Amino acid sequence: MLYGAPPAPRQRPPRVRATNTELFVLAADKNALRTQLKVNMLRIRERELLFFTNNCLSISTSAALLAGFAWYGLTEVPFDLQANVVVQTLYLVVTTLIMGLELLTVVNATLCAILGPGLALRGPDGSMHNAVNGMMTHYKFTFACFTCGLLCFHISALLYAWMQVMLPLAVSARRGKRRLRGDRVLVRAPSLSQTRTPVPARSSSGSWRCPSRCC
């Protein structure tokens, strides 16, 4: 190549035109890959759906059991009039809160276990993803309600134990105070009439006699 000479033009490789048969094969392979990818995604989503469904059913069973315990604690637990009113009020409030939270957990978990798989099976295209995402959101809320109810259940048990322990102590303390009041001897100061020396009185015969008639 000489200095100052124009550069030689680049030679482009010849274009190979695909036939209609090759284009059809490529399109079929592309559709097959997409279909296989969707099938694999649906299998993964199906496992997630089964996971959330089983968890909701398990949580609903445990929540129903705790709600039954809370109802028994509200209706069957006896209260003594001598117990602390504040502790009794806290016990009733916490136990009612347990029953409300656990019943909410049972209802929400049951609806998720029923409506989620129904939407995934009978819904339009893409309903599997919507069902799994919805169940994931409601499962978090259900699990939070169940956890709060479980914590309140422990607090209610502690309050009940506190009432059972403090009631005998309060009764024994009151009985001890009553005994001390009954056994206490009240010492009074002597009055002036008791400390004054009696003056002897004169009888009709003119002799002196003792006013207390002891002699």
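Residue pairs whose Cβ atoms lie under 7 Å apart, separated by 6 or more positions or on different chains, with the first residue in the range 82-95 and farther than 17 Å from residue 157 by Cβ and the second crowded, with 16+ Cβ neighbours inside 10 Å, are 82/167. Scanning the range 38-57 for residues that are within 19 Å of residue 109 (Cβ to Cβ) and surrounded by 13 or more Cβ atoms within 10 Å (Cβ to Cβ) returns 48, 49, 51, 52, 53, 55, 56, 57. Residue 119 meets each of the listed conditions (1) over 12 Å from residue 59 (Cα atoms); (2) out of contact with any Gly (no Cβ under 8 Å at 6 or more places or on another chain) apart from (2).
Residues in the range 79-95 that are out of contact with any Gly (no Cβ under 7 Å at 6 or more places or on another chain) and among the polar types (S, T, N, Q): 82, 84, 88, 89.
Could you check, for the range 91-105, whether at least one of its residues is β-branched (Val, Ile, Thr), at pLDDT 75 or above and closer than 24 Å to residue 131 by Cβ? Taking every residue of the range 91-105 in turn, at least one turns out to be β-branched (Val, Ile, Thr), at pLDDT 75 or above and closer than 24 Å to residue 131 by Cβ.
Looking at the structure I just gave you, is residue 129 out of contact with any strand residue (DSSP E or B) (no Cβ under 9 Å at 6 or more places or on another chain), part of a helix (DSSP H, G or I) and either on the phi > 0 side of the Ramachandran plot or in contact (Cβ under 8 Å) with a residue 60 or more places away in the chain (or both)? Criteria met by residue 129.
The values are calculated or read from the model by the stated rules, or taken from the named source; none is laboratory data. This structure is a prediction, so every number in the text was calculated from the model and none was measured. Glycine gets a Cβ as well: all are built from the backbone with ideal geometry, and neighbour counts include every protein chain shown.
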